[in-house]
Amino acid sequence: MANLFQRLKRLFAGKEPEPALSMEELRAAFKARYHAFKLLLAANNTALQLMTDMEAALRSRHSFGMTFIRSHATATCVNVFNIIKYLNELTGNRYRGLEAVFTAIERQIDAILTQRQTPAIAALVLPLTEVRQEMADGVGSKMANLGEITGELPAITVPPGFAITAAAYERFLSHNQLTDEINRRLQSMEEVEISDLYRRSAEIQTLIMGADLPPELAEAISRAYADLAKSAGGDVKVALRSSAIGEDAADTSFAGQYHSELNVTAANLHAVYKEVLASKYALTAVSYRLHKGLRDEDVAMCVGCMAMVDSVCGGVMYSRDPTDFRRDAIFINAVHGLAKSVVDGTVTPDLLVISRGEPLTVLQREIRDKGQKAVCLPEEGVRMQADAQGTEAALTDDQALELARLALVLEAHFKGPQDIEWCIDAAGRIFILQSRPLKQMAAPRSPGDTPGAGDYPVLFAGGELASSGVAAGVVHVVANNLDLLQFPAGAVLVTAFPHPGWAPLLSRAAALVTDRGGITGHLANVAREFGIPALFNTGEATSRLTPGQMVTVDADGLAVYEGRIEALLALAGPREGLMAGTPVGETLKEVMTLITPLNLTNPEAPDFSPKGCRTLHDITRFAHEVSVKEMFAFDKKQAFSRYFIKKLVTPVALEWWVLNLEDGFKEEVAAPQVELSNIASAPMLALWEGITATPWEGPPPVDTMGFMSIVMGAATDPNLAAAGGTMFGNTNYFMIARDFCNLTSRLGFHFSTVEALVGDQAFENYIRFAFKGGAADYPRRIRRTKFVGEILERYHFKVDVKEDALFARLEAEAKDYMLSRLRILGYLTIHTRQLDMIMLNEADVQYYAEKFIRDLEKLAVIRGSD
């Protein structure tokens, strides 16, 4: 076979082999070439599909992680490598230079995917007094901010303590050789059901809890605690708080996703430290990272250890309204006991709204029946107990005003609105436990701004706006973990109180509605980060809404409506891709700069060569173009073309050539032409029916501006000049087998390809359509591409429009259905010629849209006899 390839190579170079190839040898060599060509096309289709999947992921409202990026990048590289291999098989290794180009690109992709940050601080432990805001990469934002307050704002009190750094976390992992074991389990966690996530999350946490602290880390923690106890005048109980890298950032607060343990004794310090480390892999935290686009390797778990404050009251305050950036007020939620019951949503707290201007004034005061409170146990730990003073205010007005003053100081220092956790001890001292950026939303609509609201069936109204927006879905009430496991995508999450444990559902939920809970809690923060409409403290959602019932939640209008109200949903507006701007999203964008851009657009340009390939997409484009030319040897003197390539006999005033790849003819043809009646390829016949079904009316009437745009386009666009086309005709090529067809068509100034495999096995069937070019100016070409795309979407193609190029696909449908869609593509191939010239004339566009649909409705009929 290798000898046959060499002889065939000489044949294609114009040198007749001696002795001449026999018909049997020529056919055997051709079949080998065709086999390589088919494999090249299959790899090309797969590579382009993977590229499309990556582009779609960036725009979608679905999350993905590093496993998605690595798997898609790897699969793309594998398929492009195969494309190069099959191209060289097809051409006798004339394109070995592509291998070096591919290797260089692959190495750059690998460098992006394997980069890992080293800890910014070498110390294992740092006292809070030595920590500042700029050290967030070493101690986490939470402890960095508290260290900043301690050192730079002496008028504000922070409990004393120390930070256990990112370097300590890395040392812990390396000492126990945990990194590879964790990564192995993480790689299988991105696309599994929540029930499987529980198991794999538990496995990783068990690994961490069973590991040993490195001796030097255990000693450093014990020594820092001893220094803390000494400064406090004796043994001191502490709070161990997560302070992971990226936690408490503006768009990635990790609110409630990691573990913090309050009122811990020295005896349990090391064990609780490992609990906090293990919480990095709790189900809620893993899901949150995945849906916020954070790379696991970039999130080192730092831990803050702070003297415990046995508070009489505590809570959370926002220096501005999180749901309306226009409102000039400070919001304070307060409860008796520890602030824990505010942040985890178990108690509906008091609400005080304070003016920001001098003099500070209480604008609103709502004292709720808090029912219970969190308190420190005498020995260790925390418990919930009945609050005998639950109906009484947790804060005095003077305390509220002093808290408001501190909020303004913190906002001024950190240069932005703040989300602040605080507490007050029995002596009346105010302690700041946390200060992080507050994510604000655009101004919501007022209930009176909802057009026609009175016309819709209201299930109930009221509650508090926790996150702006409008959404619809079926009701799913969540009260326990079983309900969580059964939560359907796109449902409305309804729950009694906003437990942080429900956070993994927010990436799948349409909206969130609760009976109680304050807007300063963890789940409200996460809802705002995910852009999920949230209505809190309704008092009656779980009793008024029926599971499975379709509802529309208008969080801005403080109402829930029966059914799906399209007029309200239209107010929501478009939402950007979920992963846009996230670390994982940015990594995908960076990787895609080496994969998806297409620089090689003109086969006649000097840089259309292996050296001109700068991306994997360039390689696929180059290889596809070369492979098609290799299969079509249109030198009429060559034996290959005389045997296998025939001119189609047709009254259509265009040249159509047919390359019979395998069994595309009913009978062998010795003549240089083939009759349509001898074509056995079902997909080609379907295309041809669409091409000939309705006579082309010719170029549409063109106004002066349209004509000038053609003249200027042809004069300035090198691709048009290189196309070598006229406005009325070019050569078009079919490659066919019984179930396969590839049509390369250059009609006038536009170029299109159709590739289809249509057989009896629906799962194997596919159609790919690409369309680009035109002689008119860029805006007209853009409009034509959109015009064609809208028609194809009407017939259920998946369409991707990139500037003036269109890519459409259809797959895994029954044979008769696929053939009906090929008739549509045949029609469009002919009838979209020169339409770009009239695309700025709305009347003409409307005329052609109506005409096309009338014609296509006849062709789109699915015929069982096809």
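The values are calculated or read from the model by the stated rules, or taken from the named source; none is laboratory data. For clarity, every value in this text was computed on a predicted model and none was experimentally measured. Cβ sites come from the backbone with ideal geometry, for glycine too, and all protein chains shown count toward neighbours. Calculation scope for accessible area: heavy atoms of the full protein, side chains included, ligands and nucleic acids excluded. Shrake-Rupley method; radii C 1.70, N 1.55, O 1.52, S 1.80 Å.
When the accessible area of the stretch 496-615 is split by element with a 1.4 Å probe, what percent falls to carbon and sulfur?
Of the solvent-accessible surface of the stretch 496-615, carbon and sulfur hold 51 percent.
Please list D618, D212 in order of solvent-accessible area, largest first, computed with a 1.4 Å probe with all protein chains present.
Accessible-area ranking of D618, D212, largest first: D212, D618.
What's the center-to-center distance, using Cα atoms, between the stretch 316-355 and the stretch 157-185 in Å?
32
Given a cut-off of 24 Å, name the pairs among K611/K798; K31/K798; K589/K798; K611/K786; K415/K589; K31/K647 whose C-alpha atoms lie farther apart than that in the structure shown.
Long pairs (Cα-Cα over 24 Å): K611/K798; K31/K798; K611/K786; K415/K589.
FRET efficiency for I112 and E181, Cβ-Cβ distance as r, R0 = 22 Å, nearest 0.05?
Calculated transfer efficiency: 0.35.
If one computes the Cα centroid of the stretch 195-248 and of the stretch 374-405, what distance in Å separates the two points?
When both Cα centres are located, 27 Å separates them.
Order the peptides 564-570, 338-344 from the highest to the lowest mean number of other Cβ atoms within 10 Å of their residues.
In decreasing order of mean packing, 564-570, 338-344 become 338-344, 564-570.
Extending each Cα 7 Å along its Cβ direction at A32 and T391, get the distance between those two points in nm, one decimal.
A separation of 9.5 nm, rounded to one decimal place.
Sticking with the crude label model, points 7 Å out along Cα→Cβ, report the distance from A426 to S231 in nm, one decimal please.
Between A426 and S231, the simple spin-label model gives 2.4 nm.
Sort 598-609, 400-411, 507-518 by the packing proxy (mean of other Cβ within 10 Å over each peptide's residues), most packed first.
Result, highest mean Cβ count within 10 Å first: 507-518, 400-411, 598-609.
Between V409 and K589, how many nm apart are label points set 7 Å from Cα along the C-beta direction?
Spacing of the two 7 Å Cα→Cβ label points: 3.9 nm.
Between A271 and A120, 0.36 nm times their residue separation minus their Cα-Cα distance comes to what?
Contour length minus Cα-Cα distance gives 51.8 nm.
Cβ neighbours within 10 Å, averaged per peptide: list 482-488, 788-794, 271-277 in order, most packed at the top.
Highest-to-lowest ranking by the protection proxy: 271-277, 788-794, 482-488.
Could you give the length gained by full extension between L39 and R223, i.e. 0.36 nm per residue of separation minus their alpha carbon distance, to one decimal place?
59.7 nm
Count charges around A155 for me, please; just the other residues with Cβ under 14 Å from its Cβ, Lys/Arg as +1, Asp/Glu as -1.
Once positives and negatives cancel, what remains is -1.
Grab the Cα-Cα distance for R794 and D607, subtract it from 0.36 nm times how many residues apart they are, and report the gain in nm with one decimal. Walk me through the numbers before you get to the answer.
Values: separation 187, 0.36 × 187 = 67.32 nm, distance 3.83 nm.
The span from R794 to D607 would gain 63.5 nm if fully extended.
Translational diffusion coefficient of the stretch 58-114 at 20 °C, 1.002 mPa s, Stokes-Einstein with Kirkwood Rh over Cα pairs, in µm²/s as a whole number.
The diffusion coefficient I find is 166 µm²/s.
From the square roots a ≥ b ≥ c of the eigenvalues of the alpha-carbon gyration tensor of the stretch 274-349, which class results: rounded (a/c under 1.5), prolate (a/b over b/c), or oblate?
oblate
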